[in-house]
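Q: Just passing along the structure, written as structure tokens.
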Amino acid sequence: MRIAITGGAGYIGSHTLLDILGDGHEALVIDNYANSSPEALARVKSLSNRTFEMSEQTITDQPSLSETFQQFKPEAVIHFAGLKAVGESEDIPLTYYEENIQGTISLLRAMDGCGCKNIIFSSSATVYGLPDYLPFDEAHPTAPINTYGRTKYFAEEIIHDWTKTDPAKSAVVLRYFNPVGAHKSGMIGEDPAGIPNNLVPFIAQVAIGRRDALSVFGNDYETKDGTGVRDYIHINDLASGHVAAVDYIAEHTGFEAINLGTGRGYSVLEVVAAFEKASGKPIPLRYEPRRKGDLANSYAECDKAKRLLGWHAQFGINEMCEDVWRWQSQNPHGYRDN
Ligand code: NAD
Ligand code: UDP
């Protein structure tokens, strides 16, 4: 298939691009490098030994996106582009609505303009909000508790309404749990700008000596050891979930929301222990109060992905940490080392 990948230079986009090329598809990446580097795409090119098209532009510029689509004529779009920091979304909500909502509408219009009827969208477990029950299945009520989560929820609804305008349209929204890890080669990985918001990139920077200690946000939750529990999923499993979703939308129409997780939760202290084992480095800890808006527990029910996509996660927490450590130790300052 001819697949346009918005945000294809980013963390999840670059790993997915590699698998999409490996599966024989033709790709066009659209990215404005707001949170990524051309170096990631150069590395995907060398790892895949394949070429793909690249257009440096913002998805919110609808006329120019339409022009790009008229030329490339995508048969499907994988939509990663957007802003993703929960804390920042509370400070600049309008920017988040512009990028994540206006960007999605602009994309759907560009797709309509060239007759493209298939989309896979990066959603998030944050759309569920506080758990009524666990694990979160796709039927769980959606009641996000922050602006970022609401942008994902609204974008899902907009895409759902868009599919209703034509029985040939097909959309899969993938609700990711906690993506971590890096490609086995150590050549591509997560490269956060500034202080990492997420647990595993922060631990990796402590291990490499860029930060002195990990702040553990809360050790009085009702969990196995008092620290927060999350469903971490290896980035290569996430990427292969997108390849499976491409196969699915090629054969099915309508709208589906599907969790991508492992179904198993790990506490902060369990992740720290796995990373210490993988890296051979001690991770000094500093206990701090709970982070505002954090859940105690979040993990996925993954039956729907298995049933519809024939997909399930293969890698465990040890491989996730080993692969992050390979990437971090080969690239102590991420793509900026190049
Ligand atoms: P990322 O920031 O690494 O990638 C996003 C990419 O989109 C970047 O390359 C950025 O430059 C690009 N981009 C941003 N705004 C753009 C615009 N207006 N036009 C063109 N390109 C633009 O983030 P990621 O971790 O790879 O996340 C990808 C998607 O998955 C996002 O939509 C995110 O909300 C979603 N998601 C991520 C996580 C996670 O923990 N990483 C979890 C759930 C959902
Ligand atoms: N966490 C932590 N210290 C950090 C970053 C995260 O203790 O520097 C904890 C956080 O409170 C949560 C877990 O690690 O319990 C995962 O956090 P992350 O931000 O990676 O994912 P999210 O909370 O968005 O699911």
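The values are calculated or read from the model by the stated rules, or taken from the named source; none is laboratory data. Here the structure is a predicted model, which means the values were calculated and not measured. Positions of Cβ are backbone-derived with ideal geometry, glycine not excepted, and every protein chain shown enters the neighbour counts. When the accessible area is computed, the model is the full protein with side chains, heavy atoms only, and any ligands, DNA or RNA have been set aside. Shrake-Rupley method; radii C 1.70, N 1.55, O 1.52, S 1.80 Å.
Q: Around residue 190, which amide H atoms from residues at least 5 apart in sequence, or from another chain, sit under 5 Å from its own amide H, with H modelled in the peptide plane?
A: Amide H neighbours of residue 190, under 5 Å, 5+ apart: none.
Q: To the nearest 10 Å², what's residue 112's accessible area with a 1.4 Å probe?
A: Roughly 80 Å² of residue 112 is accessible to a 1.4 Å probe.
Q: Also, I was wondering about something else. In whole Hz and in residue order, list the ³J(HN,Hα) couplings for segment 153-163 that follow from phi through the Karplus curve 6.51 cos²θ - 1.76 cosθ + 1.60, θ = phi - 60°; x for Gly and Pro.
A: Values per residue, Gly and Pro as x: 5, 5, 4, 4, 5, 4, 5, 4, 4, 4, 5 Hz.
Q: Would you mind putting 10-19, 306-315, 45-54, 60-69 in packing order, based on average other-beta-carbon counts within 10 Å, highest first?
A: The peptides rank, most packed first, as 10-19, 60-69, 306-315, 45-54.
Q: Next question, about the same structure. So how do 117, 169 rank on accessible area, 1.4 Å probe, biggest first, that is with the largest at the start?
A: 117, 169
Q: Answer rounded, prolate or oblate for segment 1-93, using the Cα gyration tensor with square roots of eigenvalues a ≥ b ≥ c: rounded when a/c is under 1.5, else prolate when a/b is larger than b/c, else oblate.
A: Verdict is oblate for segment 1-93.
Q: For residue 260, list long-range residues whose amide hydrogen, built 1.01 Å from N in the peptide plane, is under 5 Å from its own amide hydrogen.
A: 175, 176, 177
Q: Can you classify the chain as rounded, prolate or oblate using the Cα gyration tensor, where a ≥ b ≥ c are the square roots of its eigenvalues, rounded means a/c under 1.5, and otherwise it's prolate if a/b beats b/c and oblate if not?
A: prolate
Q: Follow-up. Placing +1 at every Lys and Arg Cβ and -1 at every Asp and Glu Cβ, with all other atoms neutral, what dipole size does the chain have around its Cα centre, in debye to the nearest 20?
A: 480 debye
Q: Another question about this same structure. When only the heavy atoms of the protein chains count and the probe is 1.4 Å, how do 151, 58 rank by accessible area, highest first?
A: Correct descending sequence by accessible area is 58, 151.
Q: Using only DSSP helix segments of four residues or longer, with each worth -39500 (n - 2.57), what per-residue ellipticity at 222 nm results for the chain after dividing by its residue count and rounding to 500?
A: -11500 deg cm²/dmol
Q: Give me a comma-separated list of calculated 3J(HN,Hα) values for segment 205-220, in order, Karplus coefficients 6.51, -1.76, 1.60 applied at θ = phi - 60°, integers in Hz, x for any Gly or Pro.
A: For segment 205-220, the Karplus-derived couplings read 6, 5, 4, 8, x, 7, 9, 7, 7, 8, 7, 8, 8, x, 10, 10 Hz, x marking Gly and Pro.
Q: Cα convex hull of segment 207-338: mean projected area in nm², to one decimal?
A: So the Cα hull casts an average projection of 10.2 nm².
Q: Over the chain, with every protein chain in place, what whole percent of the accessible area is carbon and sulfur at 1.4 Å, could you tell me?
A: 48 percent
Q: I've got another one for you. Cα-Cα over 31 Å: which of 84/281; 84/306; 45/73; 152/306; 169/306; 281/304?
A: Checking Cα-Cα distances, 281/304 exceed 31 Å.
Q: If packing is taken as the average count of other Cβ atoms within 10 Å, what order do 257-269, 92-104 fall into, highest mean first?
A: Output ranking for 257-269, 92-104: 257-269, 92-104.
Q: Enumerate the calculated ³J(HN,Hα) couplings along segment 282-293 in order (Karplus 6.51 cos²θ - 1.76 cosθ + 1.60, θ = phi - 60°), each rounded to whole Hz, writing x wherever the residue is Gly or Pro.
A: Working through the residues one at a time gives x, 10, x, 10, 9, 7, 10, x, 4, 7, 4, x Hz.
Q: Which FRET efficiency value, to the nearest 0.05, do you get for residue 253 and residue 23 by plugging their Cβ-Cβ distance into 1/(1 + (r/R0)^6) with R0 = 22 Å?
A: 0.55
Q: A further question on this structure: Hey, if we sort 25, 252 by accessible area with the 1.4 Å probe, largest down, what's the order?
A: Per-residue accessible area, sorted high to low, gives 252, 25.
Q: Counting only residues 5 or more places away or on other chains, whose amide H sits under 5 Å from the amide H of residue 233 once H atoms are built in the peptide plane?
A: 178, 180
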